[in-house]
Amino acid sequence: MPVLHNLRVTLEMIKWEHSIFALPFALCGAMLAASGLPTPHQLLWIIIAMLAARSAAMAFNRLADAALDAANPRTSTRALPAGHLSPAFVTTFVIVSCAIFILAAAQLNRLALWLSPVALAVLLLYSYTKRFTRWSHLVLGFALGIAPAAAWIAVRGSLDPRILILTAVTFWVAGFDILYACQDFDFDRHAGLHSIPRHLGIPRALWIARAFHLIMLLLLIALLPAFALGKLAIAGITAVMFLLLYEHSLVKPDNLARLNAAFFTMNGVISVVFAAFLAADLLLK
């Protein structure tokens, strides 16, 4: 069926499997809110909300960047510029994903529902920031960084300032997005797009990415006293530190050949490892 085929192509286009980047940190927020495991009802709708939100954001990004992707040799084979999908189908996919996200928020609590349009605005408007600011990496980071606080609201129906420490995700995502942007250094300069690598050069950009990841680690350490976390959480943060060191060792200013390994593989491992250690720490208390 054409619809199922287009849906499969759309899921491939948005790299649906990379939802693993953000989902574990959202689950961390939910587990901290519940001091363990949320209820099955909460867990189900938090997962649905996260998957729907990321799907809407990624598909909208592909729509917004379709003309740019067509002009960029690295991205010209993506589904929209290559003509494998129509803008109308992707627009419908975005609308349906947004509707599912709002439905999921409504299943959780009233505050989650009220804030769902705000969350969608942050997620969707990111796509245009690289047209006017070099700090678009931080906007993308914030789009994922609000996930733990959103999950806390989903569980508690209110916001505790302590969970804002876990907006550390903002700096984690911004750091690896800077690494990813290094491969488009020449294209961004030619197209008039903004990024840290384009404005500061790749060597300086790599140092800023390292600084962002150091800030992330410091914020994760601040979680320990805020939530009275124990040795397993400390072990998780230590593991994240070594994984980040390894990630940065893969990328050199004059050699970006291993960038995909640093971006796709390592970041998925980092998020899962941290969530696993945090979950173990909370459940064994």
Would you point out the residue of segment 130-140, among those that are surrounded by 17 or more Cβ atoms within 10 Å (Cβ to Cβ) and over 16 Å from the mean Cα position of the chain (by Cα), that is farthest from ALA53 (Cα to Cα)? ARG134
Taking the criterion of being more than 12 Å from ALA151 (Cα to Cα) and among the aromatic types (Phe, Trp, Tyr), would at least one residue in segment 80-98 satisfy it? yes
Residue under question is LEU113, and the condition is that it be crowded, with 21+ Cβ neighbours inside 10 Å and modelled with pLDDT of 95 or more; does it hold? no
Inspect all residues belonging to segment 59-76 and state whether any of them is out of contact with any Pro (no Cβ under 8 Å at 6 or more places or on another chain), of a type in the set (A, V, I, L, M) and within 22 Å of GLY268 (Cα to Cα). yes
So, in segment 212-231, exactly how many residues are within 16 Å of ALA280 (Cβ to Cβ) and in a helix (DSSP H, G or I)? 4
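Here's the yes/no breakdown for (1) among the charged types (D, E, K, R); (2) open to solvent by 10 Å² or more (accessible area, probe 1.4 Å); (3) in contact (Cβ under 8 Å) with a residue 40 or more places away in the chain; (4) under 23 Å from ASP184 (Cβ atoms):
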{"residue": "ALA66", "(1), (2), (3), (4)": "no, yes, no, yes"}
{"residue": "ALA71", "(1), (2), (3), (4)": "no, yes, yes, yes"}
{"residue": "PRO81", "(1), (2), (3), (4)": "no, yes, no, yes"}
{"residue": "ALA88", "(1), (2), (3), (4)": "no, yes, no, no"}
{"residue": "ILE102", "(1), (2), (3), (4)": "no, yes, no, no"}
{"residue": "LEU125", "(1), (2), (3), (4)": "no, yes, no, yes"}
Taking interchain pairs and intrachain pairs at least six residues apart, which have beta carbon atoms under 9 angstrom, with the first residue in segment 7-35 and free of Cβ contacts under 8 Å to residues at least 60 places away in the same chain and over 17 Å from VAL94 (Cβ atoms) and the second open to solvent by 10 Å² or more (accessible area, probe 1.4 Å) and among the hydrophobic types (A, V, I, L, M, F, W, C)? GLU17/LEU11
Enumerated helices (runs of 4 or more DSSP H) restricted to segment 11-90, each holding at least 1 residues that are closer than 30 Å to ASP281 by Cα: 23-34, 40-64
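The values are calculated or read from the model by the stated rules, or taken from the named source; none is laboratory data. As the structure is a prediction and not an experimental result, all values here were calculated from the model. All Cβ positions, even for glycine, are placed from backbone atoms using ideal geometry, and neighbour counts span all protein chains on display. The protein model used for the area step is the full one, side chains on, heavy atoms only, and it has no ligands, DNA or RNA in it. Shrake-Rupley method; radii C 1.70, N 1.55, O 1.52, S 1.80 Å.
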